[in-house]
Amino acid sequence: MKILVINGPNLNFLGIREKGIYGETSYNDLISMIYQKARELDVEVECWQSNHEGAIIDKLQDAYFKKVDGIVINPGAYTHYSYAIHDALKALTMPKVEVHISDVDAREAFRHVSVTLPACDHQIKGHGLKGYLEAMDYLAGKNLG
Ligand code: DQA
């Protein structure tokens, strides 16, 4: 099984940005956690990050050609307004999980809306970095009892 983990804008600044919200762990440490989890689940994983909307769309389209089996995506602030990322996700039929490190519903009103979630199968929010690992469990079918 091939899983693609996409992180959107500012997530490369984990451990630097708003530590009270996103924690002290760096993006590189998150990637190490994800690779460790992939070994445990015996799945292939690619981690990829971009601050650019069009690049994220290109990467999603690439997932179609590369026959990726499942996608974990944290679209960052694009979650709240990118209909273009919504459309790119909607075009893909493999399972997709939207992850938010913070509990977006407990924050500013603009974060309460996700325009990308309707194009995904599942959402995990407010579980910190372990939300990414839970999303991988979901894709690997480990949560299905
Ligand atoms: C985020 C929440 C978004 O509102 C924010 O713009 C982010 C990160 C999260 O992981 O909690 O960049 O997606």
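The values are calculated or read from the model by the stated rules, or taken from the named source; none is laboratory data. Since the structure is predicted, the reported quantities are computational estimates derived from the model, not experimental observations. Cβ atoms come from the backbone with ideal geometry, glycine included; neighbour counts cover every protein chain shown. These area figures cover heavy atoms from the full protein model, side chains too; ligands, DNA and RNA do not enter into them. Shrake-Rupley method; radii C 1.70, N 1.55, O 1.52, S 1.80 Å.
When Asn51, Asn7 are checked against the criterion of being modelled with pLDDT of 95 or more and under 18 Å from Gly131 (Cα atoms), Asn7 stands alone in meeting it. Does Tyr138 satisfy the criteria of being open to solvent by 10 Å² or more (accessible area, probe 1.4 Å) and without any contact (Cβ under 8 Å) to a residue 40 or more places away in the chain? Answer is no for this residue. Cβ-Cβ distances below 8 Å connect the following pairs, each with a first residue in region 89-109 that is without any contact (Cβ under 8 Å) to a residue 24 or more places away in the chain, a second residue that is in a loop (DSSP other than H, G, I, E, B), and a separation of six or more residues or different chains: Asp103/Gly126; Asp105/His112; Asp105/Gly126; Ala106/Gly126.
For region 86-106, filtering for residues that are open to solvent by 40 Å² or more (accessible area, probe 1.4 Å) and either in contact with a helix residue (DSSP H, G or I) (Cβ under 8 Å, 6 or more places away or on another chain) or of a type outside the set (D, E, K, R) (or both) leaves 7.
Scanning region 1-29 for residues that are outside any strand (DSSP E or B), open to solvent by less than 30 Å² (accessible area, probe 1.4 Å) and either at positive phi or away from the ligand (no atom under 13 Å from the Cβ) (or both) returns Gly15, Gly23. Residues in region 53-82 that are over 14 Å from Leu4 (Cβ atoms) and within 14 Å of the ligand (Cβ to nearest atom): 8 in all. Count of region 30-45 residues, restricted to those that are surrounded by 14 or more Cβ atoms within 10 Å (Cβ to Cβ) and touching a residue at least 40 places away in the same chain (Cβ under 8 Å), is 8.
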